[in-house]
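The values are calculated or read from the model by the stated rules, or taken from the named source; none is laboratory data. Nothing here was measured: the structure is a model prediction, and the numbers come from that model. Ideal geometry is used to build each Cβ from the backbone, glycine not excepted, and the neighbour counts take in all protein chains shown.
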Amino acid sequence: MDMSNLKLKQSHLMGLVFGGREGLKEDGSNIDLRALHMRILVEKGLTLSHWDKFTSHFKATLEEIDSIPSETKTVALEWMQSTRQDFKPAEAAEIAAFKAKGM
């Protein structure tokens, strides 16, 4: 596991979750989390179960940090919840398109 790369990805996620959305359209539609995660959905078998576990740990961590206002926590968790559908299993057409790109 490339820890530098993992830290960078976590930093990007925290920016999205906590409002670092300057480069995003108002509805966030110019970031495609599904496309960004397609490789690990197809090749590594990322599932909704993994998403559920990650989100559970994220929520527990937020609950432990008293310095984050409760409203900020609520908004962050709502945003996180809105991404769940991006981690459903890849469909046959998505897998075929991914493989056709030679990824």
(request) Scan the range 36-58 and give yes if some residue there is small (Gly, Ala, Ser) and in contact with a Leu (Cβ under 9 Å, 6 or more places away or on another chain), otherwise no. (result) no
(request) Please name all residue pairs, on different chains or six or more residues apart, with Cβ atoms under 9 Å, provided the first residue is in the range 32-47 and is at negative phi and the second residue is in a helix (DSSP H, G or I) and of a type in the set (Val, Ile, Thr). (result) Met38/Ile95; Leu41/Ile95; Val42/Ile95; Leu46/Ile40
(message) Show the residue pairs meeting these rules: Cβ distance below 7 Å; 6+ apart or different chains; first residue within the range 71-87 and closer than 12 Å to Phe58 by Cα; second residue in a helix (DSSP H, G or I) and not hydrophobic (A, V, I, L, M, F, W, C).
(response) Leu77/Lys59; Met80/Thr55
(message) Go through the range 64-102 and report how many residues are touching a Leu at 6+ places or on another chain (Cβ under 6 Å), part of a helix (DSSP H, G or I) and of a type outside the set (D, E, K, R).
(response) 1
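If I ask for residues that are within 14 Å of the chain's Cα centre (by Cα) and either part of a loop (DSSP other than H, G, I, E, B) or hydroxyl-bearing (Ser, Thr, Tyr) (or both), which ones from the range 39-63 would you list? Let's see the steps before the verdict.
Residues of the range 39-63 that are within 14 Å of the chain's Cα centre (by Cα), as a first pass: 39-41, 46-59.
Listed by number, the residues that qualify are Leu46, Thr47, Ser49, Thr55, Ser56.
Specify the residue that is modelled with the highest pLDDT; the eligible residues are those in the range 5-35 that are in contact with a Lys or Arg (Cβ under 9 Å, 6 or more places away or on another chain) and not in a loop (DSSP other than H, G, I, E, B). Walk me through it before giving the result.
Looking only at the range 5-35, we keep the residues that are in contact with a Lys or Arg (Cβ under 9 Å, 6 or more places away or on another chain), and these are 15, 28, 31, 34.
Next, from what is left, pick out any that are not in a loop (DSSP other than H, G, I, E, B): 15, 34.
Numbers: Gly15: 83, Arg34: 92.
Filtering the range 5-35 for residues that are in contact with a Lys or Arg (Cβ under 9 Å, 6 or more places away or on another chain) and not in a loop (DSSP other than H, G, I, E, B), the one modelled with the highest pLDDT comes out as Arg34.
Restricting attention to the range 60-103, and to residues there that are aromatic (Phe, Trp, Tyr) and modelled with pLDDT under 95, which single residue is nearest to Leu16 (Cα to Cα)?
Let us first name the residues in the range 60-103 that are aromatic (Phe, Trp, Tyr), namely 79, 87, 98.
From the residues that got through so far, the ones that are modelled with pLDDT under 95 too are 79, 98.
Numbers: Trp79: 9, Phe98: 25 Å.
Looking at the filtered set, the residue picked out is Trp79.
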